[in-house]
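Structure first, commentary second.
What follows is calculated from the coordinates using simple rules that are stated; it is not laboratory data. Everything quoted here is computed from the prediction, not taken from an experiment. A quick note on method: Cβ atoms are made from the backbone with ideal geometry, for glycine too, and the neighbour counts reach across all protein chains shown.
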Amino acid sequence: MADTENPVAVVDVSEINQATADRLVEAASTLGFVFIEGSAFTQKDVDEAFDLSKRFFELPVEQKNQVPIDESNYGYSAMNVENLDPDSHVKGDPKEAFNFGQFQNGELPHKVPDFFQQNIDQVQALQSKCHQLSIRLLKLLGMGLKIENDPDWFADRHRPDAKSESILRFLYYPGQKKTDPQEVIRAGAHTDYGTLTLLFQKKDQDGLEILSPVTKKWTPVPFLPAKDSQSCPPLIVNIADLLSFWTAGVLKSAIHRVKFPPRVQQTGQDRYSIVYFCHPENTTLLEPVPSPIVSAVKGRGANNSDLLTAKQHLDKRLAATYGWKY
Ligand SMILES: O=C(O)CCC(=O)C(=O)O
Ligand SMILES: [Fe+2]
């Protein structure tokens, strides 16, 4: 039993219709987070993905670090290397991660450690399924935003084989027994950068919190069990910065973080999560969205900006956060 009430709407996307689309837009324009049921992911897919991730993080560090992360944002990020909230925290986040770029014609844009090379078909199948689900959600968002005559407007700008900054990320937060208030953050407060993010988490490994755009309070998100033995547990989807900008703020990109919840501070429970950051094709022009709901908002986001491409938007966003030079 989850020890937290669930503040996040659950939307079943097994059917693409207007009622589903409206429910999804309602969630995306209030909390910016939603639980998704009825995806094509099975329990087996998710178990196998977490198993792959666990076997990787158990390897000796030399094998994990065969491809260290660099400015390309691909590769292995060791404990305390990433700091998502440097203004509030001196030490980096107590987590390890591996970022995969997007496959194009069966090839990744970067090298991977031998372990992933030996399992590359599984990685590719997982990424492809994540992207297909993202496209399904983008179709529904297009319908829910009543984009005239073209509900595929967003989906057409996220073709799976075109170059994009989409990332599949395995995350591992080793269990630690900590009670110092300065030490309870596993991933610092941040928003995501792209279109939308899919997040798979595991039973009894909670810790995700949303700074609710509605109540302005930190709100824990529980793990929800699957509705039957075949389906995967509802996965979490959140709207990210680019889509919020593109829709002039109609869809909300909510701040979130990962904490060691009090129970975990006693048990020292590990957390594994798998995240898919979906981005548009790099050359996509962030022109105003042809939706009556979005165009009603004057002077904000893409309704009030020189035209940027998706890649330019990301580079600006990263430069604002990290002060990197491009
Ligand atoms: O591990 C998690 O649950 C969240 C990770 C996250 O928010 C991120 O990597 O952007
Ligand atoms: Fe995030």
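Using alpha carbons only, how many degrees (0 to 90, rounded to 10) separate the axis of helix 43-57 from the longest principal axis of the chain?
Its long axis makes an angle of about 50 degrees.
Could you state, as a whole-number percent, how many of the C-alpha pairs of region 90-234 are farther apart than 19 Å?
Across region 90-234, Cα pairs with separations above 19 Å total 66 percent.
Which angle between 0 and 90 degrees, to the nearest 10, do you get for helix 310-322 versus the longest principal axis of the chain when only C-alpha atoms count?
50
So what is Rg over Rh here for the chain, counting just Cα atoms and using Kirkwood for Rh?
With Rh from the inverse mean 1/r over Cα pairs, Rg/Rh is 0.94.
For 31, 242, which order do you get if you count the other beta carbons within 10 Å of each Cβ and list the fewest first?
Fewest-to-most Cβ neighbours within 10 Å comes out as 31, 242.
Just want the ordering: 114, 156, 93, from fewest to most Cβ atoms lying within 10 Å of their own Cβ.
Exposure proxy ranking, most exposed first: 114, 156, 93.
What is the distance in Å between the Cα centres of region 258-307 and region 129-144?
Between the Cα centres of region 258-307 and region 129-144 lies a distance of 14 Å.
For the chain, what is the relative contact order in percent, using Cα pairs closer than 8 Å and at least 6 residues apart in sequence?
The value is 22 percent.
Where does each of 192, 85, 45 land when they are ranked from fewest to most other beta-carbon atoms within 10 angstrom?
Fewest-to-most Cβ neighbours within 10 Å comes out as 85, 45, 192.
On full extension of the chain, what length is gained from residue 305 through residue 17, given 0.36 nm per residue of separation minus the C-alpha to C-alpha distance?
So the chain would gain 100.4 nm between residue 305 and residue 17.
Taking only DSSP H segments of four or more residues, each worth -39500 (n - 2.57), what value at 222 nm results for the chain once the sum is divided by all its residues, to the nearest 500 deg cm²/dmol?
-8000 deg cm²/dmol
Subtract the Cα-Cα distance of residue 270 and residue 203 from 0.36 nm times their separation in residues, and report this length gain in nm to one decimal.
Fully extending the segment from residue 270 to residue 203 adds 23.0 nm.
Rounded to whole Å and sorted largest first, list the principal axis extents of the Cα atoms in region 1-158.
Largest to smallest, the principal-axis extents are 51, 41, 34 Å.
How large are Rg and Dmax for region 205-326 when only the alpha carbon atoms are used, in Å?
In Å, with Rg to one decimal and Dmax whole: 18.0, 51.
For residue 194, which sequence-distant residues (separation of 5 or more, or a different chain) have an amide H within less than 5 Å of its own amide H, given hydrogens modelled in the peptide plane?
241, 242
If you fit an axis through the alpha-carbon atoms of helix 120-144 and take the longest principal axis of the Cα set of the chain, what angle between them do you get, 0 to 90°, nearest 10?
The helix 120-144 is inclined about 30 degrees to the chain.
Taking the square root of 5 times each eigenvalue of the Cα gyration tensor, what semi-axes in Å does the equivalent ellipsoid of region 1-46 have, largest first? Mind dumping the intermediate values first?
Details: eigenvalues 73, 64, 12 Å².
For region 1-46, the semi-axes come out at 19, 18, 8 Å.
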